[in-house]
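Shown next, in structure tokens, is the structure this report addresses.
The values are calculated or read from the model by the stated rules, or taken from the named source; none is laboratory data. Predicted model, so just to flag it, every value in this text is computed and none were measured. Ideal geometry is used to build each Cβ from the backbone, glycine not excepted, and the neighbour counts take in all protein chains shown.
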Amino acid sequence: MSDAVSDTHALARWLVDSVRRHPDRVAIDDRGVRVTYADLERRSDDLAAALRRAGYGVGDRVATLSGNSAEHVVLFFACAKSGLVLVPLSWRLTPSELGPLLRRTRASLLVAEEELTRLARESVEVAGVTVPLVLPGSTGIEATVPTRVVAAGEPWPEQREPRDDDAVLVIHTSGSEASPKGVVLTHANCFWNSLALARAMGLSEHDVVLATLPQFHVAAWNCQPLAAWWHGATVVLERTFEPARVLQLVADRRVSTTMSVPTQLHQLASDPGFGSADLSSLRQVLVGGATMSGALDEVWSGRGIAVAHGYGLSEASPNVLYLPPSRAAEHPGAVGWPYPYVEVRLVDLDGAVVDGAGAGEVQVRGPGVFAGYLHDPALTRAAFDGDWLRTGDLAERDADGCYRIVDRLKHIYISGGENVAPAEVEQVLVSSPLVADAAVVAVPDDRWGEVGVAFVEPVAGVGLTGEEVLAHARERLASFKLPREVHVVDALPRTDIGKVARQRLLEEARG
């Protein structure tokens, strides 16, 4: 790879630096198959060159349907080196869901694992588009790249070295509350995000990172793995999340850090082998995606594991706030202070900027803020207040400058003239030793305007009634915050990343 990118923030430079320092170090451990930095550099270089020869250029989008794999990482870096854009799509979706995303993506190439080719073909049919389909890996795209098809009158894409503001990733939001949106992230976005995370967490070449989050999610790239490859660390890739296997991997691979969502940490803590598992190598766990209960935090602390809490969103690449384990005891339930190079402010419901301690919408500014929503300038404009990204999240900031997320602004409802934050009610519900998880949604009410409806998931093997849940809540919540109804369910519906699928609960409650 040429040194022409050495003065930029383009990701192509990262492997060059890591290979020079330690070519034989393992970059990827993919289910026991190890890929060194020299191998990753060579394979991604060869694929980048093949993509150029086949006519692909800057801005061409490569959609993928792939589990976590070394082949997927090779393709990512090949795209980064040649100015192409990787668009990882969720293989958990149906063709009717993937079709519109594929149509909106306007991909020049679709790369799908062999077991997902049927899903890919059916999705292409639903989308009504024509796009070459190829397998990943050395027997697929690395062996033969389909020739770029250019329609009559359409210019050939430009071929040049990537620049800071070129797109490198398009990540679709989870769609838990609305239609998925394509978040465009640039080389510079990923550079600054990874630099900030590495500084905050102290990530180095000596780390072994376990990556279990699916690679169609922003955290699977920008919450440790990309920073790890930049610094020369090893990334252990897992395709699925199986608690017993994860615990074994931590011991066998001497994993030092990982990124998880609270649901995963709960599953690990509930595994019969958790108490005896060898976790001595695990120096820190980064948790995000949702608020983690104090009880679960105590369980992990009891095993001597330092838990760092974070907050972010895809549109911010995603890292915004970080609470180091050393400060967690002073700020229970908080998500910390801004990462390096990230600016955060609070704006109240009247549009005034909040100074000092107070509450308001979290707004973010900095080099990690995304370039916009794919093919949607109107939605992009609506996402900003001047040059500040509107997150839609309500937070409180204490006198120490530490932030605590209250809830999504759109989740806040008014019952009898009083604002109710579902997250506050949910925290009370899960404080019951009988409740594993809970979600509260608002429904219209003739008398009160809106009231809450709760869905609770009991602890495994425990019988639970709605009245027992309400009895627990009555002792801890004002009457206007109490849910009108409580539904006990076997399991809460979730998105691909483990967040509660609130839209499905809302439809059920209103139905």
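Structure values in brief
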item	result
Residue, modelled with the highest pLDDT, within region 494-509, restricted to residues that are among the aliphatic types (A, V, I, L, M) and more than 29 Å from ALA211 (Cα to Cα)	LEU505
Residue in region 400-409 that is in the same structural domain as PRO324 (by TED's automatic domain parsing), at negative phi, touching a Gly at 6+ places or on another chain (Cβ under 9 Å) and surrounded by fewer than 14 Cβ atoms within 10 Å (Cβ to Cβ) present	no
Unique match (being of a type in the set (Ser, Thr, Tyr) and at pLDDT below 95) among SER82, SER2	SER2
Residue, modelled with the lowest pLDDT, within region 297-320, restricted to residues that are among the aliphatic types (A, V, I, L, M) and either touching a Gly at 6+ places or on another chain (Cβ under 6 Å) or more than 24 Å from ARG253 (Cβ to Cβ) (or both)	LEU313
Residue within region 304-318 that is assigned by TED's automatic domain parsing to the domain that holds ALA219, within 25 Å of HIS206 (Cβ to Cβ), of a type in the set (Phe, Trp, Tyr) and out of contact with any His (no Cβ under 7 Å at 6 or more places or on another chain) present	no
Enumeration of residues in region 192-239 that are farther than 25 Å from LYS181 by Cβ, within 17 Å of the chain's Cα centre (by Cα) and not aliphatic (A, V, I, L, M)	GLU238, ARG239
Unmet criterion (only one of (1) surrounded by fewer than 20 Cβ atoms within 10 Å (Cβ to Cβ); (2) modelled with pLDDT under 95; (3) more than 15 Å from the chain's Cα centre (by Cα)) for GLN248	(2)
Those strands (runs of 3 or more DSSP E) lying entirely in region 264-364 with at least 3 residues in contact with a Ser or Thr (Cβ under 8 Å, 6 or more places away or on another chain) and at negative phi	284-287
Region 10-62, residues that are under 30 Å from TRP156 (Cα atoms), out of contact with any helix residue (DSSP H, G or I) (no Cβ under 6 Å at 6 or more places or on another chain) and assigned to a loop (DSSP other than H, G, I, E, B)	ALA54, GLY55, TYR56, GLY57, VAL58, GLY59, ASP60
Members of region 252-278 that are modelled with pLDDT of 95 or more and under 19 Å from GLN224 (Cα atoms)	ARG253, ARG254, VAL255, SER256, THR257, THR258, MET259
Unique residue being crowded, with 19+ Cβ neighbours inside 10 Å, under 25 Å from ARG92 (Cβ atoms) and not aromatic (Phe, Trp, Tyr) when the list is GLU426, GLU508	GLU426
Only listed residue being in contact with a Cys (Cβ under 9 Å, 6 or more places away or on another chain), closer than 26 Å to ALA38 by Cβ and outside the structural domain of ALA107 (by TED's automatic domain parsing), chosen from LEU226, LEU195	LEU226
Filter result (of a type in the set (Asp, Glu) and surrounded by 16 or more Cβ atoms within 10 Å (Cβ to Cβ)) within region 363-399	ASP393, GLU396
Test: residue in region 428-438 that is of a type in the set (Asp, Glu) and more than 23 Å from TYR322 (Cβ to Cβ)	yes
Only listed residue being farther than 20 Å from GLY392 by Cβ and within 21 Å of the chain's Cα centre (by Cα), chosen from PRO340, PRO332, PRO318	PRO340
Odd one out for ASP46, checked against (1) more than 20 Å from the chain's Cα centre (by Cα); (2) crowded, with 24+ Cβ neighbours inside 10 Å	(2)
Neighbours by Cβ (under 9 Å, 6+ apart or cross-chain): first from region 55-73, surrounded by fewer than 24 Cβ atoms within 10 Å (Cβ to Cβ); second assigned to a helix (DSSP H, G or I) and hydroxyl-bearing (Ser, Thr, Tyr)	GLY57/SER82; VAL58/SER82; ASP60/SER82; ARG61/THR105
Any pair with Cβ under 8 angstrom, 6 or more apart, that starts in region 281-297 at a residue that is within 15 Å of MET259 (Cα to Cα) and ends at one that is of a type in the set (Phe, Trp, Tyr)	VAL285/TRP300; GLY288/TYR311
Unmet criterion (only one of (1) modelled with pLDDT under 90; (2) assigned to a loop (DSSP other than H, G, I, E, B)) for PHE480	(2)
Residue match in region 370-385 (condition: assigned to a loop (DSSP other than H, G, I, E, B), closer than 25 Å to VAL168 by Cβ and of a type in the set (Gly, Ala, Ser))	yes
Verdict on ALA107 being in a loop (DSSP other than H, G, I, E, B) and not polar (S, T, N, Q)	yes
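Conditions (1) more than 30 Å from GLU205 (Cβ to Cβ); (2) out of contact with any strand residue (DSSP E or B) (no Cβ under 7 Å at 6 or more places or on another chain); (3) not assigned by TED's automatic domain parsing to the domain that holds THR147; (4) not β-branched (Val, Ile, Thr), marked per residue:
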site: HIS22; (1), (2), (3), (4): no, yes, yes, yes
site: ARG53; (1), (2), (3), (4): yes, yes, no, yes
site: TRP91; (1), (2), (3), (4): yes, no, no, yes
site: LEU102; (1), (2), (3), (4): yes, no, no, yes
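Every residue, every condition in (1) basic (Lys, Arg); (2) more than 30 Å from ALA383 (Cα to Cα), yes or no:
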{"position": "GLY140", "(1), (2)": "no, yes"}
{"position": "THR144", "(1), (2)": "no, yes"}
{"position": "ARG163", "(1), (2)": "yes, no"}
{"position": "THR186", "(1), (2)": "no, no"}
{"position": "CYS190", "(1), (2)": "no, no"}
{"position": "LEU197", "(1), (2)": "no, no"}
{"position": "LEU213", "(1), (2)": "no, no"}
{"position": "GLN224", "(1), (2)": "no, no"}
